[in-house]
Amino acid sequence: MSTIVSISTAPGIGGIGIIRMSGEKSFEILDKIFKPKTSQKIEDIKGYTMKYGNIIENGNVIDEVLVSYFKAPKSYTTENMCEINSHGGNVVVKKILELCLKNGAELAEPGEFTKRAFLNGRIDLLQAESVIDVINAKSEREAKNGIKQLEGFLSNEIAKIKQEIMDVMINIEVAIDYPEYDVDDVTSNQINDMLVTVENKLVKLSKSFDNGKIIKEGIKTAIIGRPNAGKSSLLNAILKEDRAIVTEYEGTTRDTIEEFVNINGIPLKLVDTAGIRDAKDEVEKIGIAKSKEIAKDADLIIAIFDASKDLGKEDLEILELIKNKKAIILLNKTDLKEKINENDQKIKETGATVIKISALKREGIENLYEEITKMFDLNQINLDQETVITNVRHKNLIDQAIESTKKAKDTMEQKMPIDIIAIFIKDILEDLGKITGEIVTDDIIDEIFSKFCLGK
């Protein structure tokens, strides 16, 4: 393989800039551009050490740097690796990158370092995918789950299930190859017990995706209400900053505003929408239509009403919109004289929880958090005690494995020959093998690693 190089830190000004290089010629290239303060030769430097020195071009010092050394196979990629820690800033970092390229390295593709770690057998495909989950994590729980997967928790779970299948497959192969031996009854009992156990474990993993989706994607939450009900004030209160424009004029919010906030370690994706009313302005009409569409697709609707005013036509439309959906009704402006409350018949008909708040004074917001936590059982998501899948690809393959399990059970009930049953059992193994990358096409590998950033 070629020797690859890339900038691993984000562009812009910073304290440190890191240029990462991996491949057989890493140290050879480094030797041409780096002069340690000691007289020690590059090839004599021990792995897992750092050396202070200068990056040199034509005798001129480009920058003072620290270089980390990782010798094969004990490196991230299992190849010779080095990381040049320079001063941050675009000019110096790019110059060092250019020197590496000039002396024989090739520019790395997105995710190529992690891809090499996978191809070289250091990590499986599931662990490789968890790297991007850690990088893109929007909450502590998502980061924690990504680290667990990187450490191999789900991979180990899959391996245990596969081993249970393989233990029975040995006897199946004996029964197929040596039909003269009377092992059919024993084998049938073993197959049945194994399939029941495997199916239960796979179903449990599949169901964990419900929590996993919340951990990874957050709870898509639409804030809806008529103009001046307090939607933007609510968003500002939750974010504890003036993110949305608040005025006394109706129709100020014409487009959606999206922000993330963490509740018990779970990201809440808040979408502030245009106020729902009979608008004459064409642009506002489009915004209102978009608001209704977002509310339709949301995991949670927060419907906010001005409690100091009687329910109007638009309010009744909103109440109709949230029926039979996960919704919370906020009665806002409780600092003013109330004209509507939780006992209003139209509000009670929705079945939604009602909470009184003052968005402007930022009162009652904690009660909203508590209700969301209870509604989505956020306190029940315990990453220390359960394995949770967050990746759609893994979920689909596990579901495929469950279907293969059911087909194998059906063939057994139909008293089909054991070699037919074996076909479906092998399908289970294949589905699980695709998760960890034991069975995978180049197209899937390329697609997965294309989502990575440069230098990772």
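The values are calculated or read from the model by the stated rules, or taken from the named source; none is laboratory data. Bear in mind that the values here come from a model prediction, so they are computed numbers and not experimental data. Don't worry about glycine lacking a Cβ; one is built from the backbone with ideal geometry, like all the others, and counts go over all protein chains shown.
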- Query: Ala327 is checked against (1) within 30 Å of the chain's Cα centre (by Cα); (2) in contact (Cβ under 8 Å) with a residue 60 or more places away in the chain; (3) buried (at least 19 other Cβ atoms within 10 Å of the Cβ) and fails just one. What number does that condition carry?
  - Reply: (2)
- Query: If you take the residues of segment 312-346 that are among the acidic types (Asp, Glu) and not in a helix (DSSP H, G or I), which of them is modelled with the lowest pLDDT?
  - Reply: Asp335
- Item | Residue ID - farthest from the chain's Cα centre (by Cα), chosen from residues in segment 225-236 that are modelled with pLDDT under 85, farther than 17 Å from Lys269 by Cβ and of a type in the set (Gly, Ala, Ser) | Ala229
- Taking segment 13-44 as the search range and keeping residues that are out of contact with any Ser or Thr (no Cβ under 9 Å at 6 or more places or on another chain) and among the hydrophobic types (A, V, I, L, M, F, W, C), which one is nearest to Asn120 (Cα to Cα)? Phe27
- Message: Among the residues that make up segment 345-362, is at least one of them among the β-branched types (Val, Ile, Thr) and touching a Lys or Arg at 6+ places or on another chain (Cβ under 7 Å)?
- Response: yes
- Note on the structure: In the set Thr405, Thr350, Thr373, Thr411, the lone residue that is assigned to a loop (DSSP other than H, G, I, E, B), touching a helix residue (DSSP H, G or I) at 6+ places or on another chain (Cβ under 8 Å) and touching a residue at least 12 places away in the same chain (Cβ under 8 Å) is Thr350
- Query: Can Ile318 be described as under 28 Å from Lys292 (Cβ atoms), touching a helix residue (DSSP H, G or I) at 6+ places or on another chain (Cβ under 9 Å) and touching a residue at least 60 places away in the same chain (Cβ under 8 Å)?
  - Reply: yes
- Answer yes or no as to whether Gly121 is of a type in the set (Gly, Ala, Ser), within 31 Å of the chain's Cα centre (by Cα) and part of a loop (DSSP other than H, G, I, E, B). yes
- Within segment 187-200, can one find any residue that is at pLDDT 75 or above, surrounded by 14 or more Cβ atoms within 10 Å (Cβ to Cβ) and charged (D, E, K, R)? yes
- Here is a list of conditions, (1) closer than 11 Å to Ile215 by Cβ; (2) touching a Phe, Trp or Tyr at 6+ places or on another chain (Cβ under 6 Å); (3) aliphatic (A, V, I, L, M), and Ala137 meets all of them except one; can you say which number that is? (2)
- Message: Would you confirm whether or not segment 59-70 contains a residue that is under 37 Å from the mean Cα position of the chain (by Cα), crowded, with 19+ Cβ neighbours inside 10 Å and within 16 Å of Thr114 (Cα to Cα)?
- Response: yes
- Item | Every residue from segment 12-43 that is assigned to a loop (DSSP other than H, G, I, E, B) and of a type in the set (A, V, I, L, M) | Ile13
- Looking at segment 58-113, which of its residues are in contact with a strand residue (DSSP E or B) (Cβ under 6 Å, 6 or more places away or on another chain), assigned to a loop (DSSP other than H, G, I, E, B) and under 19 Å from Gly23 (Cα atoms)? Ser75, Thr77, Glu79, Ala105, Ala108
- Message: I'd like to verify a number: residues in segment 372-399 that are exposed (fewer than 13 other Cβ atoms within 10 Å of the Cβ) and either of a type in the set (D, E, K, R) or in contact with a Leu (Cβ under 7 Å, 6 or more places away or on another chain) (or both), how many?
- Response: 3
